[in-house]
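Step one of this worksheet: look at the structure below.
None of the figures in this text is laboratory data; all of them are computed from the coordinates on show. Owing to the predicted nature of the structure, the values given are computational and were not obtained by experimental measurement. Cβ: placed from backbone, ideal geometry, glycine included. Neighbour counts: every protein chain shown.
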Amino acid sequence: MFERHAGGERVILVALDFGAPDFAESVAELRLLAAGAGLDLQGEVQGKRSRPDAALFVGSGKADEIAALVAATEADVVIFNHELSPAQERNLERRLHCRVIDRVSLILDIFARRANSAEGKLQVELAQLQHLSTRLVRGWTHLERQRGGVGMRGPGEKQLETDRRLIGARVKALRERLTKLGRQRRTQRRSRARQNVLSVALVGYTNAGKSTLFNALTRAGAYAADQLFATLDTTTRKIYLPQVGEVVLSDTVGFITNLPHDLVAAFRATLEATAEADLLLHVIDSSSPGRERQIEAVDKVLHEIGADDVPQLRVFNKLDLTGVAPGVGRDEYGRLQSVYVSAQTGAGLELLREALSEILRAGRARYEAGAEADTSSQTTVNSK
């Protein structure tokens, strides 16, 4: 069904500068994505344009430059650091005589290779099918054949239409299975809520150090590596905080700029845990020059999944790479806003635990006060 690479393919990266201030960071990120996918980078082509070309995205002259590099390096795939339309992909493949994919397809491919849980695999397959459904017309000869024969009237059904129908049926089945898993997950969360167990979710840009911090706080031994999207499946563990008790801590999938919309939609059931958490730990790579852009990308996805109203504590990680001392940041009212730590060395982790206790205690006190006020109000109404 999917054109998934087996690793080691020879690739050329293409990136156009449309005047965005983070162009260099975006290209560096594309290189990391390609490396994380196990691809063999043969070269890069960059250029500047005011807007994309409707037919080829890059324009005719730049397309010829890419074609020459493909021929010289015998590259198998050209990867664009942009989202291409199905028509642009087809036109480029004809022009370059090799497979062409965009940034979205590359991210989907990495997710497909890294998902381990049954739910994660279902979510990635759903995202891939939704992406593929718009790209069925790719010059494959079998898509133009008609299905007909003995006992069938008329010209029959085009293979393209059959493929679309089969994909539609599979998408429907996947959504039903994910809905069922989502109900099970919500039941588990309600059970924890009845037990008055608070929940904290780790969120952040991919490779910000979420899994390393999760391991440092829980000693869970979850997989962590210096690469984009090292872990995809949500991991949950309990930790004990003084004066608070047991707290459920969840490590979620990392975010990235222009995270494919289909992927966000497919992972919505998993990310609901983020929206229903009592507190979000927004882990930030303090050593990254693009951290402000990364913070913005994370906040955008949180808004998309309805988690932007959840209280948030920013955790500036990787102090071992910046030389900054561990500490905490507060607003003008004395409320905790940020904590500075190094998950790798453990510096500042005790400050983080204290911050968690302080915020969760305050949140629980507000909740109990509100519940008490509601009970009092109800009693007054009933007495009347």
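The table that follows gives values for the structure above.
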{"read-out": "Residues whose placed amide H lies under 5 Å from that of D53, excluding near-sequence neighbours", "value": "V58, G59"}
{"read-out": "Amide H contacts of R10 (H built 1.01 Å from N, under 5 Å, at least 5 apart or other chain)", "value": "D40, D76, V77"}
{"read-out": "Neighbourhood charge, 15 Å Cβ-Cβ cut-off, centred on Y333 and excluding it, Lys, Arg +1 and Asp, Glu -1", "value": "0"}
{"read-out": "Rounded to whole Hz, the Karplus (6.51, -1.76, 1.60) HN-Hα couplings of region 97-106, x for glycine and proline", "value": "6, 7, 6, 10, 10, 10, 4, 4, 4, 5"}
{"read-out": "Fully extended contour minus Cα-Cα distance, from E296 to E83, at 0.36 nm per residue", "value": "74.7 nm"}
{"read-out": "Paramagnetic label zone (point 7 Å from Cα along Cα-to-C-beta, R94; backbone N under 16 Å) in region 56-88", "value": "56-60, 63-64, 85-88"}
{"read-out": "Under 14 Å, Cβ to Cβ, from R219 - net charge with Lys/Arg +1 and Asp/Glu -1", "value": "+2"}
{"read-out": "Extended-chain gain in nm, criterion 0.36 nm per residue less alpha-carbon gap, R366 and E246", "value": "41.3 nm"}
{"read-out": "Cα gyration tensor category, rounded, prolate or oblate, for region 2-94 with a/c compared to 1.5", "value": "oblate"}
{"read-out": "Distant-in-sequence amide H partners of S199 (H built 1.01 Å from N, under 5 Å)", "value": "V248, D278, L279"}
{"read-out": "Derived scalar couplings ³J(HN,Hα) [region 332-341; Karplus, 6.51 cos²θ - 1.76 cosθ + 1.60; whole Hz; x for Gly, Pro]", "value": "5, 9, x, 7, 5, 10, 8, 9, 10, 9"}
{"read-out": "Inter-label distance, nm, simple model (7 Å from Cα along the C-beta direction), S133/A55", "value": "3.1 nm"}
